[in-house]
Amino acid sequence: MEKIKKRFISEIFYSILSLSSIILLILGWMYLASKRPELFPSPQETWDRLILFLEKPIRRIPLYSHVLDSLRRVGIAVLLACGFGIVLGTALGWSRLVKSTFGTIFELIRPIPPIAWVPLLTIWFGIGEFPKVLLVFIGTFAIVVVNTAAGVKMVEPLSLAVGKIFQANEFQMLKEIVLPASLPAIFAGIRTALGVGWAIVLAAEMLGAVSGTGFLITKGMSIGDTALIFICMFIIGIIGALLSVLASFIERRICPWKTDR
Amino acid sequence: MKDKRINKVEVKNLTKKFGDLLVLDNVSFKIKKGEFLCVVGPTGCGKTTFLNLLSCLCEPTSGDLLIDGEPANPKKHNLAFVFQEPSSFPWLNVEQNIQFGLDIKKTRQKDKKERVERIISLMGLEQFRNSYPHQLSVSTEQRQVIGRAFAMDPDLLLMDEPYGQMDIKMRYYLEDEVVRLWKELGTTVVFITHNIEEAVYLAERILILSNKPAKIKEEVLIDLPRPRDVADEKFVKIRKYVTDQIKWW
């Protein structure tokens, strides 16, 4: 009884501690805002700007629509990256032949940071939807491929031996053993891909777009609207966190054996 | 008493060399249909090679392995193998794991359900049906792996020290379990172990392998009634005899 009480008290203590750190952050923010109001909008101003934005959308596009535009670009790109990436990654991890052909080309292209593709993509495809989705695809594809290939390589030899004993053919080996065994690794890849994809789409939108959160934040910069920039940063952060939660949720649904560990 | 059962497996002059290293030297023996055969031998005498040959995981240098009078062909004959380490698939629950081999062989849905149900009820795994391997104890997991092998209704079931990592209590329990399944289903079993007591407890016949290169040193028939008593005078006598024949220390 005494022990439970003690633990309860320490729980409360640490909760208060983390709450006060947030309060401290806001106090610091308010202090800075009072010192340099032209650089730091106060929490109140930021809130007012958000309300104004909701009432009077920029370019007649409501806030949620900007967010959805960005999310759609990431969604399509990551979905495609998963589709192609899992196939190529499995092939890379499974077959020497694929590894020494496609694998070599892939290893040459992979170290190029996705942002370095921007000029070429802009010359080739302009600044429409397609090059943005393509840029996110380029950035996330490699992540999915590398994780999948690693997962396939790490399948327990014992599991493969069991498949062999049961006379599984190559397709059954891949479908029934290799793929499920590498699912956790593949999901680690998808989770990273979502995070990175979210970062890349912002970069793509900042370099030229008429909608999306990346566009909003550069808009804020060009008109010196720091409150708008703040709002965008908050939203970008929240969405990023939500994407991570979403990935965990899907992972739990698809890999139920990983849950109560 | 003469064993009237027909021959299921026939091993003729089986020899295996790895380069110049002779591992298995001209081994010949027969296994009756539905027999429980234990193989014991000194550590490192080539038991694993022996099993790999029987399971067709590797090719013999010379000699034949016949099942039902025909050369063993994994495509045609049904072989099952229980590995030393628990080899269930973590992404399948108990029921799906037991069903795995049947899925691979594309067994008819109705037969599949029937066999899986039979195994589950024989092994008393009902309450674990939907559990994943990481939720099970090691012994329950190994039971499920053994169930998976029996579910295949194999022509030949090979077991490679499946209880090597269990404590003694669990081992006694699982030994009884495997005897029960074997009696119930009439599967032909080859069980490899280095635990002599286990071999005498389980087997109808024990093959004693010699040191490398492995030959069959002796065959010991055990016609003790079941359930056997490890403290019984006859049991102890056989155990001592087999031990003397091996003497790897």
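The values are calculated or read from the model by the stated rules, or taken from the named source; none is laboratory data. Not measured: the values here are computed from a predicted model. Using ideal geometry, Cβ is built from the backbone for each residue, glycine included, and neighbour counts are taken over all protein chains shown.
Name the single residue that is nearest to the other protein chains (Cβ to nearest Cβ) among those in region B:124-143 being of a type outside the set (D, E, K, R) and outside any helix (DSSP H, G or I).
B:Y132
Please specify each residue of region B:12-45 satisfying the condition of being assigned to a loop (DSSP other than H, G, I, E, B) and either free of Cβ contacts under 8 Å to residues at least 60 places away in the same chain or more than 20 Å from B:L66 (Cα to Cα) (or both).
B:G19, B:D20, B:G41, B:P42, B:T43, B:G44, B:C45
Going through region A:134-161 one residue at a time, which ones are in contact (Cβ under 8 Å) with a residue 12 or more places away in the chain, surrounded by fewer than 24 Cβ atoms within 10 Å (Cβ to Cβ) and either over 30 Å from A:D69 (Cα atoms) or within 10 Å of chain B (Cβ to nearest Cβ) (or both)?
A:A150, A:V152, A:K153, A:M154, A:V155, A:E156, A:S159, A:L160, listed by residue number.
In this structure, does B:L54 turn out to be in contact with a strand residue (DSSP E or B) (Cβ under 7 Å, 6 or more places away or on another chain), in the same structural domain as B:E10 (by TED's automatic domain parsing) and crowded, with 17+ Cβ neighbours inside 10 Å?
yes
Quick test for you: out of A:A161, A:A168, pick the one residue that is assigned to a helix (DSSP H, G or I), more than 26 Å from A:R73 (Cβ to Cβ), of a type in the set (A, V, I, L, M, F, W, C) and at pLDDT below 90.
A:A161
Can you tell me which residues in region B:10-51 are within 21 Å of B:F150 (Cβ to Cβ) and surrounded by fewer than 20 Cβ atoms within 10 Å (Cβ to Cβ)?
B:K32, B:K33, B:G34
Could you go through region B:40-52 and let me know if any residue there is out of contact with any Phe, Trp or Tyr (no Cβ under 9 Å at 6 or more places or on another chain) and more than 30 Å from B:L224 (Cβ to Cβ).
Checked region B:40-52: at least one residue is out of contact with any Phe, Trp or Tyr (no Cβ under 9 Å at 6 or more places or on another chain) and more than 30 Å from B:L224 (Cβ to Cβ).
Quick check on B:N73: is it more than 18 Å from A:E176 (Cβ to Cβ) and either in contact with a Ser or Thr (Cβ under 9 Å, 6 or more places away or on another chain) or part of a loop (DSSP other than H, G, I, E, B) (or both)?
Taking the combined requirement at face value, the residue satisfies it.
Is it fair to say B:T48 is among the hydroxyl-bearing types (S, T, Y), in the same structural domain as B:E10 (by TED's automatic domain parsing) and assigned to a loop (DSSP other than H, G, I, E, B)?
Answer is no for this residue.
Would you point out which residue out of A:V133, A:V78, A:V145, A:V155 is among the β-branched types (V, I, T) and within 30 Å of B:L57 (Cβ to Cβ)?
Answer to the check: A:V155.
Within region B:135-158, can one find any residue that is more than 22 Å from B:R228 (Cα to Cα), basic (K, R) and either surrounded by 16 or more Cβ atoms within 10 Å (Cβ to Cβ) or out of contact with any Leu (no Cβ under 8 Å at 6 or more places or on another chain) (or both)?
Checked region B:135-158: at least one residue is more than 22 Å from B:R228 (Cα to Cα), basic (K, R) and either surrounded by 16 or more Cβ atoms within 10 Å (Cβ to Cβ) or out of contact with any Leu (no Cβ under 8 Å at 6 or more places or on another chain) (or both).
Can we say B:F89 is under 11 Å from B:M152 (Cβ atoms) and in the same structural domain as B:A149 (by TED's automatic domain parsing)?
In short, no.
So which residues in region A:198-236 are acidic (D, E) and closer than 14 Å to A:F53 by Cβ?
Within region A:198-236, A:D225 is the sole residue that qualifies.
Could you say which residue among A:I186, A:I200, A:I235, A:I177 is modelled with pLDDT of 90 or more, among the aliphatic types (A, V, I, L, M), surrounded by fewer than 22 Cβ atoms within 10 Å (Cβ to Cβ) and assigned to a helix (DSSP H, G or I)?
A:I235
Tell me which residues, restricted to region B:95-123, are within 12 Å of chain A (Cβ to nearest Cβ) and either in a helix (DSSP H, G or I) or among the charged types (D, E, K, R) (or both).
If the condition is that a residue be within 12 Å of chain A (Cβ to nearest Cβ) and either in a helix (DSSP H, G or I) or among the charged types (D, E, K, R) (or both), then B:Q96, B:N97, B:Q99, B:F100, B:G101, B:L102, B:D103, B:I104, B:K105, B:K106 are the ones that fit.
Looking for something touching a residue at least 24 places away in the same chain (Cβ under 8 Å) and part of a loop (DSSP other than H, G, I, E, B) - is there at least one such residue anywhere in region A:222-229?
yes
Can you name the residue in region B:66-79 that is at the interface with another protein chain (Cβ under 7 Å from one of its Cβ atoms) and under 19 Å from the mean Cα position of the chain (by Cα) and, of all such residues, is surrounded by the most Cβ atoms within 10 Å (Cβ to Cβ)?
B:L79
When region B:80-94 is examined, which residues are found to be more than 9 Å from chain A (Cβ to nearest Cβ) and outside any loop (DSSP other than H, G, I, E, B)?
B:V82, B:V94
Looking only at helices (runs of 4 or more DSSP H) that fall completely inside region A:19-133, which ones have 2 or more residues that are under 25 Å from A:A199 (Cβ atoms) and without any contact (Cβ under 8 Å) to a residue 60 or more places away in the chain?
A:63-94, A:96-109, A:118-125
Restrict the check to region B:152-160 and report whether at least one residue is in a helix (DSSP H, G or I) and either out of contact with any Ser or Thr (no Cβ under 9 Å at 6 or more places or on another chain) or within 13 Å of another protein chain (Cβ to nearest Cβ) (or both).
no
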